[in-house]
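Here is the structure we will look at.
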Amino acid sequence: MIDHRTGALILSDARIGQDLTRSSFLATPMGSRARSDDMMTGWMHVYLPPQVLGDLTLAIDLVFEGERLDGYRLSVIDAKYGTGWGDYSEEKQLAQRDAHDAWLEDTLGTGEREATPRGMELRYELAWGKAWSTFDALGGSSNIGVRFRREGGLGT
């Protein structure tokens, strides 16, 4: 679940919050099993092994800028939403987005619907940052995004 007060992602064996550094996470057992993608720009994506939260299995991508956790992305893993490009359909991705919306509303309460270049998004502006659920037609995927507020604002 997402802690409504802090934005931390609470897993069965970890708390992933704004105070987590890249080095400290990578030194944990979970971090040692994760796959990292260094963008060579100061940004790094760290992909966790699939995690079970309640009755959902989630793919989790932590996004670090240097040592600072900028945020994370979540995506429900379920064959009914497709298993790759071979069985991709927009209909499946929109159903996955709807599942993401329902999970976010259960976790964070009612959000705001907003039209964006990627389509309608469920959005939250909270004291600790932003959360959203989206379907990206150009990228062909749906996900939940969380971004922590920086000192002086959210940044770009």
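The values are calculated or read from the model by the stated rules, or taken from the named source; none is laboratory data. These figures come from a predicted structure and were not determined experimentally. Reconstructed Cβ throughout: ideal geometry from the backbone, glycine too, with neighbour counts over all protein chains shown.
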Listed residues 108, 69, 74, 94; which is modelled with pLDDT under 95 and surrounded by 14 or more Cβ atoms within 10 Å (Cβ to Cβ)?
94
Within region 55-136, considering only strands (runs of 3 or more DSSP E) that don't extend past its boundaries, which have at least 1 residues that are in contact with a Phe, Trp or Tyr (Cβ under 6 Å, 6 or more places away or on another chain), under 22 Å from residue 25 (Cα atoms) and of a type outside the set (Asp, Glu)?
56-65, 68-76, 129-136
Considering only residues that are loosely packed, with under 11 Cβ neighbours inside 10 Å and not small (Gly, Ala, Ser), which ones fall in region 1-49?
5, 13, 29, 33, 35, 40, 41, 49
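Yes/no per residue for (1) among the acidic types (Asp, Glu); (2) in contact with a strand residue (DSSP E or B) (Cβ under 6 Å, 6 or more places away or on another chain); (3) at pLDDT below 95:
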site	(1), (2), (3)
114	yes, yes, yes
118	no, yes, yes
125	yes, no, no
130	no, yes, no
144	no, yes, no
148	no, yes, no
156	no, no, yes
What number of residues in region 12-25 are at pLDDT below 95 and in contact with a helix residue (DSSP H, G or I) (Cβ under 8 Å, 6 or more places away or on another chain)?
2
Those residues of region 121-153 that are under 14 Å from residue 99 (Cα atoms) and either β-branched (Val, Ile, Thr) or surrounded by fewer than 18 Cβ atoms within 10 Å (Cβ to Cβ) (or both) come to a total of 3
I'd like to know if region 80-91 contains one or more residues that are touching a residue at least 40 places away in the same chain (Cβ under 8 Å) and either in contact with a strand residue (DSSP E or B) (Cβ under 7 Å, 6 or more places away or on another chain) or among the polar types (S, T, N, Q) (or both).
no
